[in-house]
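Report on the following structure.
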2 protein chains.
Amino acid sequence: MAGEASGAHPVPGFRLGTACAGIRKPGRTDLLVMELAAGGTAAAVFTRNRFRAAPVRIAERHLAGQAPRYCLVNTGVANAGTGERGEADALACCRALAERTGCAPEAVVPFSTGVIGEPLPVERVVAGLETALGGLGEDRWEAAAAAIQTTDTRNKVASYQVALSGGICTITGMAKGAGMIRPDMATMLAFVATDAAVPEAVLDTVLRRANERSFNRVTVDGDTSTNDACLLAASGVGPEVAAAGADLERFQAAVEAVCIDLARAIAADGEGATRLVDVAVEGARDTAEAERVAFTVAESPLVKTALAAGDPNWGRILAAVGRSGVADLDVDGVRLTLGEQVVVAHGGVVPGYDEAAAAEHLAGSEVRLGIDLGRGEAAATVWTCDLTAEYVRINAEYRT
Amino acid sequence: MAGEASGAHPVPGFRLGTACAGIRKPGRTDLLVMELAAGGTAAAVFTRNRFRAAPVRIAERHLAGQAPRYCLVNTGVANAGTGERGEADALACCRALAERTGCAPEAVVPFSTGVIGEPLPVERVVAGLETALGGLGEDRWEAAAAAIQTTDTRNKVASYQVALSGGICTITGMAKGAGMIRPDMATMLAFVATDAAVPEAVLDTVLRRANERSFNRVTVDGDTSTNDACLLAASGVGPEVAAAGADLERFQAAVEAVCIDLARAIAADGEGATRLVDVAVEGARDTAEAERVAFTVAESPLVKTALAAGDPNWGRILAAVGRSGVADLDVDGVRLTLGEQVVVAHGGVVPGYDEAAAAEHLAGSEVRLGIDLGRGEAAATVWTCDLTAEYVRINAEYRT
């Protein structure tokens, strides 16, 4: 496996094009068309929020019927909380793209992100299609990653190549997301493409496994979006991946690596964030328990504000572990580490604890909180960020 | 039932005294002694956080054996995460107070609030006892409420009088709390006193019921403290309350009124808060469902930052309702009101929605978010506050 999060490998069978459609504000690139070669396969996961945006409902219907030929993505307006009109608007955009490309409207999958509750400006989306289609190219991943951003401050792209028995296979993905981030099946929005030839059922399993260990372990603010979606598409022009065997294992690992890179990038670029935080829980009875503890710590405003200050306030971490719902937790068996340093064991701070060293670790751009529950073999890592006054400013002023 | 949150009625059988003991910082009143007349009864609820502070563990043991004669409360240091030494320190303080008053050490109940992980300065606590005992008085509730504060900005006192068949009974309570507030059985700290004569078992039932509907429905930041405690004590010098009947109902209602006043005061004084927010959920299948939805909305950082800006961003409220875990929620049946105005029904904004009027409501110091799930008869109200940059500042700088 080779490749890095920066430097996206083009994926044979995929082309991308963007446009500045003025959807909510003028002067920013806010429209993306991603074209998939005919004969590919796709799998997707969507938000479990009960308020699902119109494009999510349409996307699920369209993907159920056939493999997609085009993804149509807009930012600015989420087309959520828009009732029946929202579905009609999303469908109108799909039809317009289908007419211009000669595919069926059901082969177009819509995605939207932005403000909830405002109607989608269909005319502006449609007016932007020509530019997006005119600029389609295989090497436009970075431009595409920029086009799907809202409050993001940087591109989130990850790309790996992996040697399968039939040849080299490429997997490139991009994501957006900085706020309303606590994905529950997927994050708003991630697109992962591969040239491998993968049966749809296999692709679906690969995506669900990767997603569980990547996007579903990110939280910025605990708020699950109405528009979350993650799509994994395979053009099939590259090597084959069978339903079992070493190729599948390598392919699964590479997809997971792309998704984890993107998930960490989302946490690092959380709204107002100054540092990426790994909350690594081990010694749990089962994975669900490890995840519960990790999410409780990762979503604690008190832990996150202490992290913003670079303050090794381990008491707040203990308090979060203690309220995480592990009913029979033996608190004397819990070990807490900041970076590489053990801070707490046997219910209190360890002798010789070096607070200055802990503060130095917390001053960095990547921080690791290790929590060993001391009661089992299961582990889970959740990625989050610190909570700063800038987060409040961004979200207080979002609609203005 | 008469009385107000301001203007505390003295409670026959209770005396309070404070001292400036310099526990963590010099120059602030940080020690409280509350004396209960002999022959009284008491009930208490404590935090369910698995990391329970040393004073919580001692308090529970002491209350199990006998009715208390003294509560000893300090701020500055929580005496939590302090291992075995923490219990020894708390016991040493209890013994010192017992020696000076001639009661058994087990008749002293300790409470601490403040920074987690620092040892309790026993000598300073003991040195402050003389001043506190020398100043004991029945009319010192406001001074006592001031003495137990940490990041609180104002006193939280509530007082009611209620006519029972045996005469007028007084119920006065005080609380502290502004951060690490998501009580799970009680809040750090509340003391409610009455002169009624109430059997211990009855008092326990009254407290648990009142607590479920008051302190357990407050959240500032979702973080449950390691030191939460709520004590209801009855001196028994006033009218009797039997185990059933109209007197018990009146007494229960008055205790609940005191607790709700204090709970709302805690939310209104949440760290950095500019407004008190009632999240009132109705139309739920059962109370647990109503509480779950109300807490999800009340703890959503995106809802709370919008409230800080006075922005009627109802999309964020819908998104929080949608992720609250009501699996089969029919989103078209949900009605959302801001103040008195219906904003959302049938999955979208209602025709004629007046955003300016909604913004005007949200600009006030008391805000009401009404959520009707449209699927049952159960209801629950949770109290919270907005999330401001000042909250981040307070908690980033707390230990410095």
**Message:** Can you give me the Kirkwood hydrodynamic radius for the protein assembly as shown, using every pair of distinct Cα atoms, in Å to one decimal?
**Reply:** 28.0
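Return the calculated 222 nm mean residue ellipticity for chain A, to the nearest 500 deg cm²/dmol, obtained by summing -39500 (n - 2.57) across DSSP H runs with n ≥ 4 and dividing by the residue count. Let's see the in-between values first.
Working: 11 runs with 132 residues, N = 400.
Dividing the helical sum by the residues of chain A leaves -10000 deg cm²/dmol.
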**Prompt:** How many percent of Cα pairs in segment B:276-396 exceed 20 Å?
**Reply:** 38
**Message:** For segment B:129-197 and segment A:349-400, what is the centre-to-centre distance using only Cα atoms, to the nearest Å?
**Reply:** 36
**Request:** Mind scanning A:Lys304/B:Lys304; B:Lys25/B:Lys304; A:Lys156/B:Lys304 and naming the pairs with a C-alpha gap bigger than 25 Å?
**Result:** B:Lys25/B:Lys304; A:Lys156/B:Lys304
**Asked** Under a GNM of chain A (C-alpha, springs under 10 Å), which listed residue has the highest mean-square fluctuation: A:Thr384, A:Thr296, A:Thr113?
**Response** A:Thr296
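So what is the relative contact order for chain B, in percent, with contacts set as C-alpha pairs under 8 Å and at least six apart?
Numbers: 1048 pairs, mean separation 70.8, N = 400.
With pairs under 8 Å counted, the relative contact order is 18 percent.
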**Complete:** The simple spin-label model distance between A:Ala163 and B:Ala246, using points 7 Å out along Cα→Cβ, in nm, is 9.1
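Which value, to two decimals, describes the C-alpha radius of gyration of segment A:14-268 once divided by 2.2 N^0.38 Å? Intermediate results must be reported in sequence, preceding the final value.
Working: Rg = 16.6 Å, N = 255, 2.2 N^0.38 = 18.1 Å.
Here the Cα radius of gyration is 0.92 times the empirical estimate.
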**Prompt:** At A:Ala253 and A:Glu130, where each label point lies 7 Å from the Cα along Cα→Cβ, what is the point-to-point distance in nanometres?
**Reply:** 5.0
**Message:** List residues of segment B:315-338, by number, whose backbone nitrogen lies under 19 Å from a label position 7 Å along Cα→C-beta of A:Glu60.
**Reply:** B:318-334
**Asked** Mind checking which of B:Val350, B:Val73, B:Val198 has the largest fluctuation in a GNM of chain B, springs on alpha carbons under 10 Å?
**Response** B:Val350
**Estimated FRET transfer efficiency when R0 is 51 angstrom, pair B:Ala92-A:Thr287 (beta carbons, to 0.05)** = 0.70
**Fill in**
Here the FRET efficiency for B:Arg375 versus A:Cys20, based on Cβ atoms and R0 = 30 Å and rounded to 0.05, is 0.10
**Message:** Give the aspartates and glutamates whose C-alpha is closer than 16 Å to that of B:Lys176, dropping any in the same chain fewer than 8 places away, or say none.
**Reply:** B:Asp30, B:Glu142, B:Asp152, B:Asp184, B:Asp221, B:Asp223, B:Asp228, B:Asp261, B:Asp269, B:Glu271
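Read-outs throughout are calculated quantities, based only on the coordinates presented, and are distinct from any laboratory measurement. Because the structure is a prediction, the values reported are computed rather than measured. So basically every Cβ, Gly included, is an ideal-geometry build from the backbone, and we count neighbours across all protein chains shown.
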